[in-house]
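Before any comments, here is the structure.
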Amino acid sequence: MALKQIEHGSKEYKQMVALRMEILRKPLGLNFTADELAREKEDILIGAFDEDIILACCLLTKVDNSTVKLRQMAVQNNLQGKGIGASIMNFAENVARDKGYKKLMMHARDTAIGFYEKFDFRVKGSEFIEVNVPHHVMEKWL
């Protein structure tokens with residue numbers, strides 16, 4: 001498995017969008033807008049690949065000079081629970097740290113809180129609804 005940063009608009013990026021659509025959006029009856037995808041040009045795009053096939057992905061979006069937001073974490077359904085998500089998390093943390101960020105935060109779906117807690121993320125504040133699903137802000141100092 002290879003972990004790498006992806007170029008916006010590339011063949012790998014198109015696979016990343018398809019994976020996120022399948023895992024995160026389609027089950028909620030949602031789609032991506034052209035504006036949403038265009039804004040990702042500024043993001044750090046991360047993927048895990050086996051040969052040329054995407055296995056998992058996430059994005060890092062700058063919040064401010066010290067904080068980056070982890071978004072759109074997705075692992076192929078048939079590969080969940082096999083350590084690929086953990087590999088992506090460790091890679092994303094290292095990329096964020098290497099780029100000088102001090103804090104990683106996210107809007108975590110409540111169903112995923114336990115996963116992120118394994119990486120020392122802590123819940124901050126109250127539950128809120130995003131994309132029709134309960135979420136919590138989670139943070140980790142790098």
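The values are calculated or read from the model by the stated rules, or taken from the named source; none is laboratory data. Values in this document were obtained by computation on a predicted structure and should not be read as measured data. Please note: Cβ atoms are built from the backbone with ideal geometry, for glycine as well, and neighbour counts cover all protein chains shown.
A compact table of results
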| read-out | value |
| --- | --- |
| Qualifying residue in region 96-110 (condition: in a loop (DSSP other than H, G, I, E, B), over 13 Å from the mean Cα position of the chain (by Cα) and without any contact (Cβ under 8 Å) to a residue 40 or more places away in the chain) | yes |
| Lone unmet requirement of (1) in contact (Cβ under 8 Å) with a residue 12 or more places away in the chain; (2) surrounded by fewer than 19 Cβ atoms within 10 Å (Cβ to Cβ); (3) not in a strand (DSSP E or B) for Arg20 | (2) |
| Close pairs from region 30-53: first farther than 11 Å from Glu12 by Cβ, partner basic (Lys, Arg) and part of a helix (DSSP H, G or I), Cβ under 8 Å, at least 6 apart | Asn31/Arg25; Phe32/Arg20; Phe32/Arg25 |
| Odd one out for Asp98, checked against (1) under 23 Å from Lys4 (Cα atoms); (2) at pLDDT below 95; (3) exposed (fewer than 11 other Cβ atoms within 10 Å of the Cβ) | (2) |
| Residues of region 23-48 satisfying the condition of being part of a loop (DSSP other than H, G, I, E, B) and under 23 Å from Asn77 (Cβ atoms) | Gly29, Leu30, Asn31, Phe32 |
| Filter result (under 11 Å from Leu3 (Cα atoms) and among the acidic types (Asp, Glu)) within region 40-50 | Asp50 |
